[in-house]
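To start, the structure itself, in structure tokens.
The values are calculated or read from the model by the stated rules, or taken from the named source; none is laboratory data. This is a predicted model, so every value here is computed, not measured. With ideal geometry, Cβ positions are generated from the backbone for all residues, glycine too; neighbour counts draw on all protein chains shown. With ligands, DNA and RNA removed, areas are computed over all heavy atoms of the protein, side chains included. Shrake-Rupley method; radii C 1.70, N 1.55, O 1.52, S 1.80 Å.
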Amino acid sequence: MKKDLLMILFISMFLLGAYMAIAQASPWESVKEPFAGQEQSIGSYANGCLSGGEALPLKGEGYQVIRPSRNRYYGHPDMITYLTKLGAKTKAFGLDDLLIADIAMPRGGNFSSGHASHQTGLDADIWLSFAPDTLTKKAVENQTAISMVDLKNYKLRRDNWLDDHAVLFQVAASEPEVARIFVHPVIKETLCSMEWEDRSWLQKVRPWWGHHYHMHVRLSCPEGSASCVNQKAPPQGDGCGAELVSWRPKPEDSNKKTASVTKKKKVKIKPAQCTTVLTQ
């Protein structure tokens, strides 16, 4: 009798978990093909969708797509062009293959977990590790991220950092269609400390937590995407001054206990066009 009750409880908990997972899933994740409409990024980076998206070929000159089973290698045609161009340029500089991770789902939209942005096909994650050879099918799906930052001590992992990383950032940020590139503040500090003939591209390299093993490239809204919402432009200058210093941990705050505050997430209403993109 006790075994039966335990079995019923186990099954009930399993079904409840499955139900909750389904309830939390995003309908955008169930769509497997792009919307066959005019190529457009619609809405904002964190609340939008993608019409006329294209798939990035899984392997090209100077790059390889990793974890393709996630089906997140779609983007606005401008992003696909940018990534293929970037791979060719970095290869010409002698870099090994770039590892392209998440771009967007076939029709963009929001994820049930993992990303707040990447919704309009104008964001792409590029890991800060390189592939000297063509990866096997197993390796493509099971790459291990290599962090560039000693997070506990807020300093660069010199053993992992290569001159090639500096080249990658400069080439990636120098393209005019790039709006910004998110990296961990320590990586931004490292780039700022280097000698550059032209430092203007550093303005686009923006500090943000979490980006210690990858760079997050964001493109500006493309021509023809009238409903696309650009992010506010970065401040003037190379961003290597007081603003960057402000990201450093403050010793006086290390022993303070902070009360956890649960904030209600605001329900975001997507642009009306996204209903058509999702359902047709």
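Of note:
- Selection status of S129, assigned to a loop (DSSP other than H, G, I, E, B), surrounded by fewer than 22 Cβ atoms within 10 Å (Cβ to Cβ), of a type outside the set (D, E, K, R) and touching a residue at least 24 places away in the same chain (Cβ under 8 Å): no
- Filtered by the rule that a residue be in a strand (DSSP E or B), open to solvent by 10 Å² or more (accessible area, probe 1.4 Å), touching an Asp or Glu at 6+ places or on another chain (Cβ under 8 Å) and among the small types (G, A, S), region 29-78 gives no residues.
- Close pairs from region 81-103: first over 15 Å from L56 (Cα atoms), partner of a type in the set (F, W, Y) and surrounded by fewer than 22 Cβ atoms within 10 Å (Cβ to Cβ), Cβ under 6 Å, at least 6 apart: D96/F130
- Among the residues of region 88-107, those that are at negative phi, more than 17 Å from the chain's Cα centre (by Cα) and not hydrophobic (A, V, I, L, M, F, W, C) comprise K89, T90, K91, D96, D97.
- Qualifying residue in region 178-187 (condition: closer than 23 Å to K250 by Cβ, open to solvent by less than 20 Å² (accessible area, probe 1.4 Å), among the β-branched types (V, I, T) and outside any strand (DSSP E or B)): yes
- Residue in region 108-125 that is surrounded by 19 or more Cβ atoms within 10 Å (Cβ to Cβ), among the β-branched types (V, I, T) and more than 14 Å from the chain's Cα centre (by Cα) present: no
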